[in-house]
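The next block holds one structure in the form of structure tokens; read it before the comments.
The values are calculated or read from the model by the stated rules, or taken from the named source; none is laboratory data. Everything numeric in this text was worked out from a predicted model, so none of it was measured. Glycine gets a Cβ as well: all are built from the backbone with ideal geometry, and neighbour counts include every protein chain shown. Heavy atoms of the whole protein, side chains included, go into the accessibility calculation; ligands, DNA and RNA do not. Shrake-Rupley method; radii C 1.70, N 1.55, O 1.52, S 1.80 Å.
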Amino acid sequence: METRTRPSRDQLAAHLDATGITGRVATPRENNLEHIGRFLRQERQFDFGIPLTREWSEESVFDLMVERVGISGDRSFVEGVDTISAQMCIDGLDRLRTALHEVTEAAGRILFATGHPAGLLPVHQAMARWAAANGAEVVGVDVTTSPAPVAVDLPAEAPLGGDVRRMDGVHVWHQHGGVPHTHYAEPMQTLLARLGDDGLGGPDLVVADHGWAGAAGSAGLRTAGFADCNDPALFVGEAQGQIEIAIPLDDNVLPQHYELLLDYLLGV
């Protein structure tokens, strides 16, 4: 397996800001603020499978996103380009690197999954290959799933269902011949149920994003999740103790822009 050369923290920070993974990101401020409210209302696709276990207000979640993501703390700023801190992102990557090394060195079991196949799938695939090459068992099964219908505002022509598939060690949600972007928790819930039915047990670490990460953390599994600045669920989950590591970044830039991030995470 090709050895990656690890860049310095300063080199990575400059790259993250230059490519829009951090710094001034594509997610607008108004979207960030709207999603805080929708998460607190526990709307499907915005809750990521993270239940509220303590009292939160829009103000307290906003403060959390300033503290852990690096969005602007100016409450009068309600429209325009918001930010993610490169340093906070790298702090999260450092924690994820430690977790990956701990589990691989113990020959543990890691499950990878993504709801962002056009952006983060290659990132998770690279981590899965690295983990397998360094002694971990990359956990996975292919399952067929038809989650029970839930009363939400979904168009009738786009029901849930489909199935969970693995692509180079990483689980994705397949539906109607494609692998859609999804916030839903049901694919991970179905996958974990199948692991239990097959007697495989839970993994030692889950590395994921969106509802895949939220559902895993809420099930009591050690979980690391990538999350954008309009994804408050995973950061609240981290504050509540459901998610061990929430890593702030733009989760849907061109996949090649994440290569230096992978060098930092997996390199020597």
_Could you go through region 13-30 and let me know if any residue there is touching a Lys or Arg at 6+ places or on another chain (Cβ under 6 Å), assigned to a loop (DSSP other than H, G, I, E, B) and touching a residue at least 12 places away in the same chain (Cβ under 8 Å)._
no
*Residue in region 69-78 that is closer than 22 Å to W212 by Cα and modelled with pLDDT of 95 or more present*: yes
_Pairs please, first residue from region 76-89 and in a loop (DSSP other than H, G, I, E, B), second anywhere and modelled with pLDDT of 95 or more and open to solvent by less than 40 Å² (accessible area, probe 1.4 Å), Cβ atoms under 8 Å, 6+ apart in sequence or on different chains._
F77/R29; V78/R29; E79/R29; G80/R29; S85/T22; S85/V69; S85/G70; S85/P248
*Does I110 count as at pLDDT 95 or above, open to solvent by less than 70 Å² (accessible area, probe 1.4 Å) and closer than 22 Å to L254 by Cβ?*
no
_Scan of region 32-52 for residues that are open to solvent by 40 Å² or more (accessible area, probe 1.4 Å) and either among the charged types (D, E, K, R) or at pLDDT below 95 (or both), ordered by number_ = E34, R38, R41, E43, R44, Q45
*Can you tell me how many residues in region 159-201 are within 18 Å of F112 (Cβ to Cβ), of a type in the set (A, V, I, L, M, F, W, C) and touching an Asp or Glu at 6+ places or on another chain (Cβ under 9 Å)?*
3
*Being of a type outside the set (D, E, K, R) and surrounded by fewer than 23 Cβ atoms within 10 Å (Cβ to Cβ) is the filter; apply it to region 244-257 and report the residue that is nearest to T53 (Cα to Cα).*
N252
*of a type in the set (D, E, K, R), surrounded by fewer than 23 Cβ atoms within 10 Å (Cβ to Cβ) and either modelled with pLDDT of 95 or more or over 17 Å from the mean Cα position of the chain (by Cα) (or both) - does that describe any residue in region 224-243?*
no
*Subset of region 161-174 (residues that are in contact with a helix residue (DSSP H, G or I) (Cβ under 6 Å, 6 or more places away or on another chain) and open to solvent by 10 Å² or more (accessible area, probe 1.4 Å))*: D168, G169, W173
_Close pairs from region 189-214: first modelled with pLDDT of 95 or more, partner open to solvent by 10 Å² or more (accessible area, probe 1.4 Å) and assigned to a strand (DSSP E or B), Cβ under 6 Å, at least 6 apart_ = P203/R109; D204/R109
*asked:* Please go through region 175-212 and give me each residue that is among the acidic types (D, E), open to solvent by 50 Å² or more (accessible area, probe 1.4 Å) and part of a helix (DSSP H, G or I), ordered by number.
replied: D197
*asked:* Just checking, does region 57-65 include any residue being open to solvent by 40 Å² or more (accessible area, probe 1.4 Å), touching a residue at least 12 places away in the same chain (Cβ under 8 Å) and closer than 22 Å to A213 by Cα?
replied: no
